[in-house]
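Here is the structure we will look at, set down as structure tokens.
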Amino acid sequence: MKTVEIPRKTFDKEARGDEARLLRLVDILQHPSETIQEFLDYALKQAIELTESRIGYIYHYNEERCEFVLNTWSEEVMEACHVEKRETTYQLDKTGIWGEAVRQRRPIVINDFQKENPLKKGCPKGHVPMTNFLTIPIFKHKKIVGVVGLANKETDFDENDLLNVTLLMEAVWTVTESKKAEQALAESEERFRALHNASFGGIAIHDGGVILECNQGLAEMSQYTREELIGMDGLLLIASKYRELVGKNIATGYEKSYEAFGQRKNGELFPMRLEGRSIPYKGKSVRVVEFRDITKEKEALAKTIEINRRLQDEIIERKYIEEALRASEEKFKAIIETSPDGIAISTLDGIVEFATEKSYSMWGFASVEECIGRNILEFIHESHQQKAIYYVTEMINGNLTGAAEYLMVKKDGSLFYCEVNANILRDKNSNPTGVLYIERDVTERKQLEEELKALAIKDQLTGLYNRRKIDEVLINEKAKADSKDQNLSVIMVDIDLFKLVNDQYGHLVGDQVLTEVTEILAMGIRSMDVLGRWCGEEFIIICINTDLEGAMVLAEKLREMIADHEFQLVGKKTCSFGVSQLRKHETIDALLIRSDQALYRAKDLGRNRVVTEI
């Protein structure tokens, strides 16, 4: 047997390279970067020092748009570069030799940059002179997501440089993606907390009456602390006389607004308005309830009733009319000052004659004088102006009453939603003389409603459309396909032997597999396709304006992507696919049955395959 003796200095060089790369990576990970930009800036600096280069760059790359976006130029480049117009975004087809790493999908090394090369397009005037050059594509999930470039090393770039930079930047990019995910999660949680705590009243999430979460508004209203409220039976916040009613509404899932009496920690009773909705929360269906203290509203109503009664008594005799009017004005002022809503009065053609502080400040003005004489339509977004004109006209004609929501415009141009209850003012002969507006900013409520709507159509684990939403999409897309004579196809996807994953590794690992399959499918489908979770380990893809052949090609592509993927903890997994195309005059149910049958034929034929309709 022959042996080959490899010089010890070769091993020493490689070992030193491995050690240097690991030390650089540890240094990068421990560097106190507040932003992803700072993190990548520091990573580039370490890559330059690791290869003994002088300059370098990092670009993000988008394969769909074939576009480079600059993240970082090294400090020496910024000091030596005198290009007048520094671009930060480049299209792939406009790049020269530095774009070859993407076009060829491999590292590019040029150790004599001054030598003629047909791929070079030249450098702009003022560009830093270059002697040699190395650029490496960064891959994630088989897509190029970035490129790193290094230049002007004293010696030639070699295989060790390629290996060290490739391994270093792959690790850096993995950490970058993790930081992006953490940042997005933190921002999402902060938005939820801000919406939750900025609510107009009290908000609680409960399961069967037991409070799981609540905002500070409910704590202030009930005089309990948030810590005391969480875990408490929510019925303890309700006066005993109304607990049976509220308990019944919880049990039946009642979702309309209704009134009851609340009970504070000190035993004090107060009128409240409640409204609940069912939402998914941490894997199960719970109720979110809004509590609104309507004490001031009831007091204002009681005052109004009392004022009207007194006014009717006082105007019986004409000699007391003037005195009664003065008293009415004072009482009206008291109501206005205690009202939680804005109040304004305009002429019939919309000219503002009166506005309370709550009203004009809601519109973004500092004083009532700025508003008097303006047309009320100036405060309503142009998309809602015709609606407002129609509503007021119908009210004047006696055909309409009640409140409506409008998109409003503040003085500074910012938008907000307002609930407006308009009433026509009339003289003693019932002739209309003006319009009274009672206004409430409901922007936060609208935002919360949108959040709840989104929760109602998304699968909790994967974030995909749930079956209810998919059914709605299928109905709409079938109607479009029928009216426009377009094709519509469906792909059913089932994870092979998924039960074994749950049995062998547990449901948490099963959930991880479902999440990874979701990511692969979402990455592989086209922008016009609709992806949803059908049930359990089954997914559905609605292929819009796509015939059977096109859907088969897409399904095969997805099958290969999943089969090639290395799943965390469980290794390789496969999926079976059933494909069908909507036939003329066919129902959605029939289309789904054929897709399902094709899927189970794929299972019977050995799994990990694409099978179409018979």
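Going by the structure shown, is C535 buried (at least 20 other Cβ atoms within 10 Å of the Cβ), touching a helix residue (DSSP H, G or I) at 6+ places or on another chain (Cβ under 7 Å) and closer than 21 Å to A598 by Cβ? Answer is no for this residue. The residue pairs whose first member lies in segment 49-62 and is assigned by TED's automatic domain parsing to the domain that holds D27, whose second member is of a type in the set (S, T, Y) and assigned to a strand (DSSP E or B), and whose beta carbons are closer than 6 Å, counting only pairs six or more residues apart or on different chains, are I58/T72. In segment 448-468, is there at least one residue being closer than 30 Å to T356 by Cα and either surrounded by 15 or more Cβ atoms within 10 Å (Cβ to Cβ) or touching a Leu at 6+ places or on another chain (Cβ under 6 Å) (or both)? Yes, that holds for at least one residue. Checking each residue in segment 469-496 for being surrounded by fewer than 12 Cβ atoms within 10 Å (Cβ to Cβ) and not in a helix (DSSP H, G or I) picks out only D485. Condition check for V517 on (1) buried (at least 19 other Cβ atoms within 10 Å of the Cβ); (2) in a helix (DSSP H, G or I); (3) β-branched (V, I, T); (4) more than 22 Å from the chain's Cα centre (by Cα): one failure, at (4). None of V509, V490, V513, V501 is over 12 Å from I544 (Cα atoms) and touching a Leu at 6+ places or on another chain (Cβ under 8 Å) except V509.
When you go through A388, A366 one by one, which is the residue that is farther than 24 Å from A302 by Cα, at pLDDT 80 or above and in a helix (DSSP H, G or I)? Going through A388, A366 in turn, the sole match is A388. Looking at segment 596-614, I want the residues that are outside the structural domain of D494 (by TED's automatic domain parsing) and without any contact (Cβ under 8 Å) to a residue 12 or more places away in the chain and have a partner that is outside any loop (DSSP other than H, G, I, E, B) and among the acidic types (D, E) with Cβ atoms under 7 Å, at least 6 apart or on another chain. Which pairs are those? Correct list of pairs: empty, since none qualify. With respect to E353, is the statement that it is touching a helix residue (DSSP H, G or I) at 6+ places or on another chain (Cβ under 7 Å) and touching a residue at least 60 places away in the same chain (Cβ under 8 Å) true? Spelling it out, it is not the case that E353 is touching a helix residue (DSSP H, G or I) at 6+ places or on another chain (Cβ under 7 Å) and touching a residue at least 60 places away in the same chain (Cβ under 8 Å). Filtering segment 538-576 to residues that are farther than 14 Å from Y465 by Cα and either under 22 Å from the mean Cα position of the chain (by Cα) or part of a loop (DSSP other than H, G, I, E, B) (or both) leaves N545, T546, D547, H565, Q568, L569, V570, K573, T574. When segment 369-380 is filtered for residues that are part of a loop (DSSP other than H, G, I, E, B) and surrounded by fewer than 20 Cβ atoms within 10 Å (Cβ to Cβ), the ones remaining, listed by number, are I372, G373, R374. Remark: M395 falls outside the filter, which requires a residue to be of a type outside the set (V, I, T), in contact with a Cys (Cβ under 8 Å, 6 or more places away or on another chain), surrounded by 15 or more Cβ atoms within 10 Å (Cβ to Cβ) and not in a loop (DSSP other than H, G, I, E, B).
Scanning segment 491-506 turns up one or more residues that are in the same structural domain as I593 (by TED's automatic domain parsing), in contact with a helix residue (DSSP H, G or I) (Cβ under 7 Å, 6 or more places away or on another chain) and farther than 20 Å from E566 by Cα.
The values are calculated or read from the model by the stated rules, or taken from the named source; none is laboratory data. As the structure is a prediction and not an experimental result, all values here were calculated from the model. Neighbour counts run over all protein chains shown; Cβ positions are idealised from the backbone, glycine included.
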